[in-house]
Every structure is written in structure tokens, then in C-alpha cells.
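Asker: Below you will find the structure I want to go over with you.
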Amino acid sequence: MATFVIVGAGLAGAKAAQTLREEGFAGEVVLIGAESERPYERPPLSKEYLQGRAERDTIYVHEPSWYVDNAVDLRLGTRVTRIEPDDHLVRLDDGSRQPYDKLLIATGAVPRRLPGPAHYLRTVEDSEALRQRFAPGVSVLVVGASWIGLETAAAARTAGCDVTVVEPEPTALNKALGPELGAMFARLHAGKGVELRFGTAAAEVTPTGVRLSSGERLTADLVVAGIGAVPEVGLARDAGLDVGQGILTDPALRTSHPDVFAAGDVAEFLHPLYGRHIRVEHWANALHGGPVAARSMLGHEVVHDRLPYFYTDQYELGMEFSGDVEGHDEVVYRGDPASLEFVAYWLREGRVVAGMNVNVWDVVDEIQELIRSGVSVDRTSLWKG
């Protein structure tokens with residue numbers, strides 16, 4: 001009977017295991033995770049869980065009994081040290097070997113690090129530690145006006161902390177959204193009392209704060225770094241798989257070895273709509289990519305063609321984003337961005353390539369349909385005052 005091994009017990013890995021069983025796979029399923037927690041979802045860690053509005057048991061993908069009931073061999077606190085594709089086995093940190101017939105790599109990503117004693121927000125333990133520290137009067141310095149950085153800043157400020165954000169770009173989310181919409185997020189935080197320091201970088205974290213690239217020193221009780229993440233491609237690279245920014249796969253999430261697949265943050269997959277490899281670090285990609293990889297492992301004809309999707313909640317602002325802004329030449333608005341209730345469309349040569357709805361709901365399907373259609377649009381049909 002066949003053995004399918006999944007390396008990485010996050011959302012993508014757990015959903016892949018679930019799909020294998022739902023599709024009738026009767027062989028052995030081994031799900032290996034380096035963390036001690038069973039698979040959980042990460043978005044709450046910087047949102048409602050960090051703010052104390054959600055209990056710990058709400059973040060998990062499955063109940064503990066699910067793994068037993070579905071004969072999934074869940075091995076937590078276990079690291080894979082090497083993948084040997086030609087021999088169809090993985091080596092574990094306890095010295096043992098696990099053979100496989102098909103392998104899925106869903107190892108995710110790890111935060112970029114700063115020199116010095118900074119806090120990061122990637123695991124449930126990270127979120128728990130920050131949640132316990134956030135309190136009125138505590139000074140928090142957030143390095144990076146990224147999505148994680150801004151969500152952390154919002155949670156800290158909501159808890160009554162004195163918050164400063166340091167960012168080398170000229171405004172928040174400058175690379176992700178551009179200067180105009182990035183400035184909107186900056187104004188949102190400034191209006192809540194967050195001190196924003198743009199155009200400067202943190203060179204070093206010290207026990208009392210940070211030293212900036214200018215030489216200036218800022219003091220804080222707590223430093224949190226949100227400066228991006230790096231995909232965990234080391235195992236794949238050492239195994240001789242093709243690696244770019246992530247593990248390179250075809251549209252069915254198959255790597256350069258026919259019996260090895262990749263899904264989630266670590267996969268750089270060939271997207272049929274864009275005609276190029278993309279890597280998406282957001283929750284929806286793991287949620288949908290894991291099942292696609294599982295069906296691909298079973299030999300089904302599948303394509304991972306979901307559009308990149310992301311959402312955020314900061315103070316009273318709720319936002320959903322779809323698509324890819326690369327190469328856009330124009331941004332068109334439906335509604336007034338100053339009102340924090342609008343839709344933004346990114347266009348390239350008159351075609352919608354991305355859209356963001358802010359405090360406007362039930363429009364994601366419409367936005368994604370416009371992106372997929374590839375048709376030239378009449379700007380007046382997008383802009384409605």
C-alpha cells in the first residue's frame with residue numbers, strides 16, 4: 001500500500017492530508033511538523049487572537065481526534081533533515097528514515113531576522129508572548145510597515161501601548177500597494193496615535209530599543225520585527241530540486257521530481273493566468289493549494305489557478321485584496337479613499353489586474369471575474385463617485 005508523506009504541518013499540509021482521505025486514498029498518510037502544536041491557521045495570530053478576541057482552540061485546522069479518526073500519522077516536534085528523492089525517503093532528526101511513494105513539501109516560510117533581541121510574529125507561541133506583553137503604557141517599536149507590522153501595531157495600539165513604526169520606504173506598504181494607498185494606511189495609523197518614522201531603517205536591535213541606520217537610537221520596552229519572510233527551501237535545494245524564490249512547480253504543484261510536490265508559502269508555482277511563476281505567502285494560497293497538491297499526488301488532472309488573495313483587519317478598516325499589481329500603469333477608484341469605504345482597481349493597458357475593497361463587502365467575485373476576463377474596461381463603469 002502506498003505511503004504519502006507531507007513535510008510541514010501547517011494549513012497547507014493539514015488540508016492536503018484531509019483531501020487525501022476525502023478523495024478515498026487508503027494508504028498511509030504521514031504528516032510531519034517541526035512545531036509542537038497541531039496544524040493551525042496563522043491569520044488570527046496577528047489579528048483577533050493577538051488582540052485577545054479569540055480563544056486558542058479556535059485557530060486549529062482540526063480537532064485532535066481528527067488525526068486518529070482519519071488514520072493520519074501526525075508527528076509533531078519532528079524535523080526532516082534531508083530529502084532523498086531518488087531513494088524516495090526522508091531522514092528525520094532522531095536519526096530514523098521514512099520511506100514514501102509521493103512527497104509533499106509544505107514547509108512554509110520563516111521571518112527575516114534583525115541583529116539583536118527582537119520579537120517576531122509567526123507561531124502561536126510568538127502571538128501568545130506578545131499578547132501577554134501588550135498593555136497600557138508599554139512602549140512598542142515595530143520595525144517594518146508591512147502587513148504583519150501594521151497589524152501588530154494596530155493590536156498594540158488597541159491594547160493601549162505607545163507604538164512607533166520604523167520603515168525605510170517613504171510610506172507604509174509602498175511596494176505592495178504604491179505610495180497613494182500606502183499613505184492611506186499611514187494616515188489610519190497616525191490618526192490612532194501611532195508614531196511613524198519613514199525613510200529610516202533599523203540597523204540593530206538593542207536590549208533597550210533600536211539603533212537606526214542614521215545612528216539615532218530609539219528606546220522601547222518591546223521591539224517587534226515585521227520585515228518579511230523567507231521560504232523554507234533548504235531541504236528542496238539540498239535534494240537537488242529546482243528552486244527560485246521558492247520551490248519551482250508546474251501548475252499542478254509538481255516539482256522538478258515527478259514524485260515530489262510543493263504547496264503553500266514555499267511553492268513558486270506556474271500560474272496559467274499570468275504565464276509565469278508566482279509565490280504567494282497568504283492564507284488563501286495554503287488553504288486552496290494543499291488540496292490541489294493532494295489531488296495532483298493522486299494523479300488527478302488539476303491546476304492551481306486561484307488568484308492571489310489577501311485580507312487584513314486594522315482598527316475599523318477591513319480590506320480584501322485580489323490579483324497582482326505587477327506592471328500596472330493606473331489605479332482607478334470606486335468611492336473616495338479618504339472615506340475608508342471604496343474599491344481600488346489596478347489597471348494595465350486598460351485591463352484590471354488587481355482590486356482591493358476597503359469596508360465594501362461581497363464584491364470579491366466581481367473583482368476576480370474582471371481580472372480573469374482580461375477584457376479592456378470602461379473606466380467610468382469602474383468609477384462610481
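Asker: Give just the number: which of (1) touching a Leu at 6+ places or on another chain (Cβ under 8 Å); (2) surrounded by fewer than 18 Cβ atoms within 10 Å (Cβ to Cβ); (3) part of a loop (DSSP other than H, G, I, E, B) does GLY327 not satisfy?
Answerer: (1)
Asker: Turning to a different aspect of this structure: So which residues in the stretch 360-379 are among the charged types (D, E, K, R) and under 22 Å from the mean Cα position of the chain (by Cα)?
Answerer: Within the stretch 360-379, the first condition is being among the charged types (D, E, K, R), and the residues that meet it are 362, 365-366, 369, 372, 378-379.
Hit for the stretch 360-379 is ASP365, nothing else.
Asker: Okay, moving on. Only one residue in THR58, THR78 is within 25 Å of HIS119 (Cβ to Cβ) and not aromatic (Phe, Trp, Tyr), so which one is that?
Answerer: Selected residue: THR58, the only one of THR58, THR78 that is within 25 Å of HIS119 (Cβ to Cβ) and not aromatic (Phe, Trp, Tyr).
Asker: If you check every pair at least six apart or on different chains, which have Cβ atoms under 9 Å apart with a residue in the stretch 45-63 that is assigned to a loop (DSSP other than H, G, I, E, B) first and a residue that is polar (S, T, N, Q) and open to solvent by 10 Å² or more (accessible area, probe 1.4 Å) second?
Answerer: GLU48/THR58; TYR49/THR58; GLN51/THR158; VAL61/GLN18; HIS62/GLN18; HIS62/ASN70
Asker: Is there a residue in the stretch 34-53 that is open to solvent by 70 Å² or more (accessible area, probe 1.4 Å), under 20 Å from VAL280 (Cβ atoms) and in contact with a helix residue (DSSP H, G or I) (Cβ under 7 Å, 6 or more places away or on another chain)?
Answerer: Within the stretch 34-53, the first condition is being open to solvent by 70 Å² or more (accessible area, probe 1.4 Å), and the residues that meet it are 36, 42, 53.
Checking which are under 20 Å from VAL280 (Cβ atoms) leaves us with 42.
Checking the rest, the ones that are also in contact with a helix residue (DSSP H, G or I) (Cβ under 7 Å, 6 or more places away or on another chain) come to 42.
Yes, the stretch 34-53 contains a residue that is open to solvent by 70 Å² or more (accessible area, probe 1.4 Å), under 20 Å from VAL280 (Cβ atoms) and in contact with a helix residue (DSSP H, G or I) (Cβ under 7 Å, 6 or more places away or on another chain).
Asker: Among the candidates ALA201, ALA252, ALA186, which residue alone is of a type in the set (Gly, Ala, Ser), buried (at least 18 other Cβ atoms within 10 Å of the Cβ) and within 30 Å of PHE134 (Cα to Cα)?
Answerer: Residue meeting the stated conditions: ALA186.
Asker: Also: Of the residues VAL292, VAL325, VAL260, VAL302, which is within 21 Å of TRP147 (Cβ to Cβ) and among the aliphatic types (A, V, I, L, M)? Give the steps one after another, and end with the answer.
Answerer: On the way: VAL292 fails: within 21 Å of TRP147 (Cβ to Cβ); VAL260 fails: within 21 Å of TRP147 (Cβ to Cβ); VAL302 fails: within 21 Å of TRP147 (Cβ to Cβ).
The conditions single out VAL325.
Asker: Return the only residue of VAL30, VAL72, VAL110 being in contact with an Asp or Glu (Cβ under 7 Å, 6 or more places away or on another chain), touching a residue at least 12 places away in the same chain (Cβ under 8 Å) and more than 26 Å from GLN245 (Cα to Cα).
Answerer: Numbers: VAL72 fails: in contact with an Asp or Glu (Cβ under 7 Å, 6 or more places away or on another chain); VAL110 fails: more than 26 Å from GLN245 (Cα to Cα).
That would be VAL30, the only listed residue that is in contact with an Asp or Glu (Cβ under 7 Å, 6 or more places away or on another chain), touching a residue at least 12 places away in the same chain (Cβ under 8 Å) and more than 26 Å from GLN245 (Cα to Cα).
Asker: With the condition kept exactly as written, say whether any residue in the stretch 166-173 is surrounded by fewer than 19 Cβ atoms within 10 Å (Cβ to Cβ), hydroxyl-bearing (Ser, Thr, Tyr) and either over 19 Å from the mean Cα position of the chain (by Cα) or within 30 Å of VAL260 (Cβ to Cβ) (or both). Steps first, answer last, please.
Answerer: Within the stretch 166-173, the first condition is being surrounded by fewer than 19 Cβ atoms within 10 Å (Cβ to Cβ), and the residues that meet it are 168-170.
Then keep just the ones that are hydroxyl-bearing (Ser, Thr, Tyr); that gives none.
Checked the stretch 166-173: no residue is surrounded by fewer than 19 Cβ atoms within 10 Å (Cβ to Cβ), hydroxyl-bearing (Ser, Thr, Tyr) and either over 19 Å from the mean Cα position of the chain (by Cα) or within 30 Å of VAL260 (Cβ to Cβ) (or both).
Asker: Quick one: count up the residues across the stretch 212-239 that are assigned to a strand (DSSP E or B) and either open to solvent by 30 Å² or more (accessible area, probe 1.4 Å) or farther than 19 Å from ARG113 by Cα (or both).
Answerer: Step one: list which residues in the stretch 212-239 are assigned to a strand (DSSP E or B), which gives 212, 217-219, 222-225, 229-231.
Right, trim to either open to solvent by 30 Å² or more (accessible area, probe 1.4 Å) or farther than 19 Å from ARG113 by Cα (or both) and you get 217, 219, 230.
Here the count works out to 3.
Asker: Among the residues of the stretch 146-159, is any closer than 30 Å to PHE310 by Cα, surrounded by fewer than 23 Cβ atoms within 10 Å (Cβ to Cβ) and among the β-branched types (Val, Ile, Thr)?
Answerer: yes
Asker: Check TYR311, TYR315 and return the single one that is over 17 Å from the mean Cα position of the chain (by Cα) and closer than 25 Å to TYR49 by Cβ. Write out each step before concluding.
Answerer: On the way: TYR311 fails: over 17 Å from the mean Cα position of the chain (by Cα).
After applying the criteria, what remains is TYR315.
Asker: While we're on this one: Please go through the stretch 255-290 and give me each residue that is touching a strand residue (DSSP E or B) at 6+ places or on another chain (Cβ under 6 Å), assigned to a helix (DSSP H, G or I), hydrophobic (A, V, I, L, M, F, W, C) and surrounded by 19 or more Cβ atoms within 10 Å (Cβ to Cβ), ordered by number.
Answerer: VAL266
Asker: Collect the residues in the stretch 124-137 that are assigned to a loop (DSSP other than H, G, I, E, B) and open to solvent by 30 Å² or more (accessible area, probe 1.4 Å), keeping them in residue-number order. Working first, answer last.
Answerer: Restricting attention to the stretch 124-137, the residues satisfying the condition of being assigned to a loop (DSSP other than H, G, I, E, B) are 134-137.
Listed by number, the residues that qualify are ALA135, PRO136, GLY137.
Asker: For GLN18, state whether it is more than 17 Å from ALA263 (Cβ to Cβ) and not acidic (Asp, Glu).
Answerer: Values: more than 17 Å from ALA263 (Cβ to Cβ): no; not acidic (Asp, Glu): yes.
No, not satisfied.
Asker: Which of the residues spanning the stretch 78-92 are farther than 19 Å from GLY10 by Cα and assigned to a loop (DSSP other than H, G, I, E, B)?
Answerer: Result: HIS88, single match.
The values are calculated or read from the model by the stated rules, or taken from the named source; none is laboratory data. Please read all numbers here as calculations on a predicted model, not as lab measurements. Don't worry about glycine lacking a Cβ; one is built from the backbone with ideal geometry, like all the others, and counts go over all protein chains shown. The area values use the complete protein model at the heavy-atom level, side chains included, leaving out ligands, DNA and RNA. Shrake-Rupley method; radii C 1.70, N 1.55, O 1.52, S 1.80 Å.
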